[in-house]
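What follows is a short report on a single structure.
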Amino acid sequence: MKLDELIEYLDYKDLINFKNIDITGISYNSKTTKKGDIFVCLVGEHTDGHEFANNAIENGAAALLVERKIEGTKIPQVVVSSTRHKIADIADRFYSSPSKGINLIGITGTNGKTTVTHLIQKIFEENGQKCALIGTLGYKLSSNGEYRDAKHTTPQAPELQATLRMIKDVEKIDNVVMEVSSHALEQNRVGGCRFNGAVFTNLTQDHLDYHITMENYFKAKALLFERLTEGDFAVINADDEYGDRFISVVPEGVKVLTYGVYQQSDVMARNINFSLNGAEFTLIENGKEHKVNLHMNGMFSVYNILAAVTASLAIGIDIEVALKALQNVKGVAGRFEVVVKKPLVIVDYAHTPDGLENVLKSAREITPEDGKLICLFGCGGDRDATKRPKMGAIAERLADKIVITSDNPRTEDPQTIITDIIAGLKSVNTESVIVEPDRGTAIALLKTIANNNDVVVIAGKGHEDYQILKDKTIHFDDREEARKVFEGSVI
């Protein structure tokens, strides 16, 4: 693509050394820049791409997208106000706006995004339609397919647009369901994406190390709904305290459908019961009742099912088709995943106060009367520290015993993080509170404190198979560790 074509609709401030050269790719990492690329000098929280521009040029960059002039080079430079926002515009242009030819559905919220995307993908397939998925675990082209790696919940714009183009042209798939994080919205990684529908799961405290306030967090999420246009749809959790605010930002002409358990909604769940086998409830839609039996458990699973069913109705898929698809789903990796039978050991991705509370309440529902609920968890380093004492208080209130350990400490001292968690406890009774900074050792300790009729929740990492330490990242999988500890009782 010629440079003038690439920047034709770009709101740029200046052109330096302009030549109408061929651009054969987009890069923002100087180490992977190839000949013919336009190198985007991204300005992030910790690095400034302008400092690596000369490295990119040495590797073959043909042009630069910059916020300030790079001295000492004769290659074209396109000056913009924000490279972080404009990279999405040129990526969309370079890949010829692939989302405009796709039925693209975005799922946003603090918790539940991964599960809801998987459920919607299953519903499409039950309806005889192909559907690709993009999210935390990577992207995959079918529910039975393999995941392909992704670096973020929502990939950076060039990778995202290239993936959408591949899904459309190579795989011939016209439906895509995508997790859309608040970071991706605020940083415009999904800029250029034409969403046909948006689903809101919930909004609770998370990522405040980045957004600072819940108001900023809400505004970032709301961008997905504000960008919908006439004929699109919005699906919103009416029970969430932010539900009405999300409804208020939806433009006129967009179809709004709500779901809930307590607030009057278009799709509702009643008569909810939980057991070791899963959840069952009555789904009410348009005055009609439908019996639902799930292999998944917990109130959060009920909400995820409601979100997916409501989205399928907005799309135009028959509710019986949707329910048939969902009643066969056994869950998503690392989401309330049972990995050991005796004691019952559940691994979950819960890493926020609300997420931990939901998981522990769900686990309590299936804890035998003569059994204990044990929770092992930690909090991530270099992230929102204000949630640490809150999670400590929740674990103490809802579990009979808690084991406090590390969870991706990154550059922080694990003991400092643990001290923050303990600050939320009313007491540190050694019979009910165990502290072990090494996560592997902490999981091994479960063998000595959990009886066969107990329920153990290992929270925080879920599907992750790594632990991020100060100076390195090591292989670590909660599920593998639990299975090793309770060998002989593995499912």
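Using Cβ counts within 10 Å as a stand-in for footprinting exposure, how do E320, E436 rank, fewest first?
By the 10 Å Cβ count, ascending: E320, E436.
Give the dimensionless ratio obtained when the Cα radius of gyration of segment 337-485 is divided by 2.2 N^0.38 Å.
0.94
Quick one: grab Rg to one decimal and Dmax as a whole number for segment 98-326, Cα atoms only, in Å.
Every Cα atom of segment 98-326 included, Rg and Dmax give 16.6, 46 Å.
Spelling out what I want: for every residue of segment 430-447, take phi, set θ = phi - 60°, compute 6.51 cos²θ - 1.76 cosθ + 1.60 (Karplus), and round to whole Hz; glycine and proline get x.
Along segment 430-447, the couplings run 5, 7, 10, 10, 10, 10, 8, x, 7, 5, x, 5, 4, 5, 4, 5, 4, 4 Hz.
Suppose a student asked you for the relative contact order of segment 98-326, using Cα pairs under 8 Å spaced at least 6 residues apart; what percent would you report?
Reported relative contact order: 20 percent.
Given (i) 197; (ii) 213; (iii) 149, which label gives volume of the Cα convex hull per residue in Å³ as computed from the coordinates?
Answer by label: (iii).
What relative contact order, as a whole-number percentage, does the chain give when Cα pairs under 8 Å and 6 or more residues apart are counted?
Relative contact order of the chain: 10 percent.
Can you tell me which lysines have their Cα less than 18 Å from the Cα of K484? Leave out same-chain residues fewer than eight positions away.
Result set, ordered by chain and number: K341, K342, K447, K461.
Take the cross-link list K255/K387; K86/K168; K31/K69 and give me the ones stretching past 26 Å between alpha-carbons.
K255/K387
How about segment 358-454: which GluC sites (Glu not before Pro) there are in a DSSP loop, with at most 15 other Cβ atoms within 10 Å of their Cβ?
E369, E431
Ordered by packing density, taken as the mean number of other Cβ atoms within 10 Å over each peptide's residues, highest first, how do 335-341, 443-449 rank?
Output ranking for 335-341, 443-449: 335-341, 443-449.
Test of understanding: ordering R148, R189, R364 by Cβ neighbours within 10 Å, fewest first, what list do you get?
Lowest to highest Cβ neighbour count: R148, R364, R189.
Could you pull out every residue, at least 5 positions away or on a different chain, whose amide H is within less than 5 Å of the one on V433? Hs are placed 1.01 Å off N in the peptide plane, and Pro or chain starts have none.
I402
Using a Debye calculation, one point per C-alpha and no hydration shell, please list log10 I(q)/I(0) for segment 3-94 at q = 0.14, 0.15, 0.17, 0.18 Å⁻¹ in order.
For segment 3-94, the Cα-only Debye profile gives -0.39, -0.46, -0.60, -0.68.
Based on other C-beta atoms within 10 Å, arrange K484, K122, K330 from fewest to most.
Lowest to highest Cβ neighbour count: K330, K484, K122.
Nearest 5 is fine: what % of DSSP beta bridges in the chain come out antiparallel, could you say?
Antiparallel bridges: around 40 percent, rounded to the nearest 5.
Each reported figure results from applying straightforward, stated rules to the coordinates on display, with no laboratory input. These figures come from a predicted structure and were not determined experimentally. Quick reminder, even Gly has a Cβ in these numbers, built from the backbone with ideal geometry, and neighbours come from all protein chains shown.
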